[in-house]
Amino acid sequence: MSKTKTRLKGPWQSVQLAIWLVGLAILFSFDWIWPGILVLVAISALYQAAIQRLVPEAVEQEKPRQKPCHKFSPLWKRSLRRLSP
């Protein structure tokens, strides 16, 4: 399994959202929340896996987040300095 995260783009992401919205509406209407949410997660994962395999251009790699470079020390370190004798 790769460690890079992927996400759907364009209309494929909208279909994923529709799966969740319709799925949650069905779960709440039939009061089948607990086991049903697991089924909804499985359906969502299967959809994304199928799209990644069948339509590779519908998936983009997420850009890795860069750590913010702060000039100042974090607040908790400054407060510890004030507390130390």
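Only the coordinates and a few stated rules stand behind these numbers; no lab work does. In this text, all values refer to a predicted model and were calculated from it rather than measured experimentally. Note: ideal-geometry Cβ built from the backbone for every residue, glycine included; neighbour counts use all protein chains shown.
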Legend entry - Shape category assigned to segment 27-70 from the gyration tensor of Cα positions, a/c cut at 1.5: oblate
Inset, instruction - Only Lys, Arg, Asp and Glu count, each charged at its Cβ (+1, +1, -1, -1), so figure out the dipole size of segment 1-63 about its Cα centre, rounded to 20 debye. - result: 280 debye
Inset, instruction - Rounded to whole Hz and in sequence order, give me ³J(HN,Hα) for segment 4-17 from the Karplus expression 6.51 cos²θ - 1.76 cosθ + 1.60, θ = phi - 60°, writing x for Gly and Pro. - result: 7, 8, 10, 9, 6, 10, x, x, 5, 5, 5, 5, 4, 5
Legend entry - Contour excess over end-to-end distance, with Cα ends at Asp31 and Gln61 and 0.36 nm allotted per residue: 7.1 nm
Inset, instruction - Rounded to whole Å and ordered largest first, report the semi-axes of the equivalent ellipsoid of segment 1-63 derived from its Cα gyration tensor (root of 5λ). - result: 25, 13, 9
